[in-house]
Amino acid sequence: MNSSTLISNDVQFRMTKSNLLARHPLNSPFAKAPIVRLQGQPVLLFTEQHSSLLQALEAKKVTIFSECRSGFCGACKTRVLSGRVTYLTEPLVELKTDECLPCCCIPTEDLELDLSPEGATVVTYPCRKTRSQTQAASSSRTTPNLKAIVLLEQEAIEE
């Protein structure tokens, strides 16, 4: 079953995967793409190029078991530490409030999952120096080593 039926204002809409994706908050021109973290480690920026959370995680080489890829079996059931998801198809598996099925959902906001980031291609940021580190580095380049100057002067006097 690919679609679910939604009744609103006495009008019946057939919500397919493509309709849900078209109405997803990510498709707004001002939307911020959700960041997906695994145990605190940022792993991916979820964009419209990903068809599901599972597909995006697999593209980043995150180890996650899956079978049906449609929300029927529950093999990919994952604990959500923070954030929310929207289901593309209604899962047939019973889920707790802090669980999701990555095979049939997409994040609607920043999301943190209880999955190991080990082996995954993670997002890394270059280490930026703080203002005090930059000042210390620049002052050490301009200030001569006083101990070396004293030793050189002592050697000159002794000669």
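The values are calculated or read from the model by the stated rules, or taken from the named source; none is laboratory data. Everything numeric here is computed off the predicted structure, so don't read it as measured data. Counting neighbours? That spans all protein chains shown, and the Cβs are built from the backbone with ideal geometry, glycine included. The area values use the complete protein model at the heavy-atom level, side chains included, leaving out ligands, DNA and RNA. Shrake-Rupley method; radii C 1.70, N 1.55, O 1.52, S 1.80 Å.
Tabulated results
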| read-out | value |
| --- | --- |
| Scope the stretch 89-102; condition in contact with a helix residue (DSSP H, G or I) (Cβ under 6 Å, 6 or more places away or on another chain) and modelled with pLDDT of 95 or more; matching residues | Pro102 |
| Filtered residue count, the stretch 29-52, keeping only those that are closer than 19 Å to Thr63 by Cβ and either open to solvent by 40 Å² or more (accessible area, probe 1.4 Å) or free of Cβ contacts under 8 Å to residues at least 40 places away in the same chain (or both) | 4 |
| Subset of the stretch 106-144 that is assigned to a helix (DSSP H, G or I) and either open to solvent by 60 Å² or more (accessible area, probe 1.4 Å) or of a type in the set (Phe, Trp, Tyr) (or both) - its residue that is modelled with the highest pLDDT | Arg131 |
| In the stretch 58-77, the residues that are at negative phi, of a type outside the set (Ser, Thr, Tyr) and part of a loop (DSSP other than H, G, I, E, B) | Lys60, Val62, Ile64, Phe65, Glu67, Cys68, Phe72, Cys73, Ala75, Cys76, Lys77 |
| Test: residue in the stretch 97-105 that is hydroxyl-bearing (Ser, Thr, Tyr) and open to solvent by 50 Å² or more (accessible area, probe 1.4 Å) | yes |
| Single match in Lys147, Lys60 (criterion: within 13 Å of the chain's Cα centre (by Cα), among the charged types (D, E, K, R), open to solvent by 30 Å² or more (accessible area, probe 1.4 Å) and at pLDDT below 95) | Lys60 |
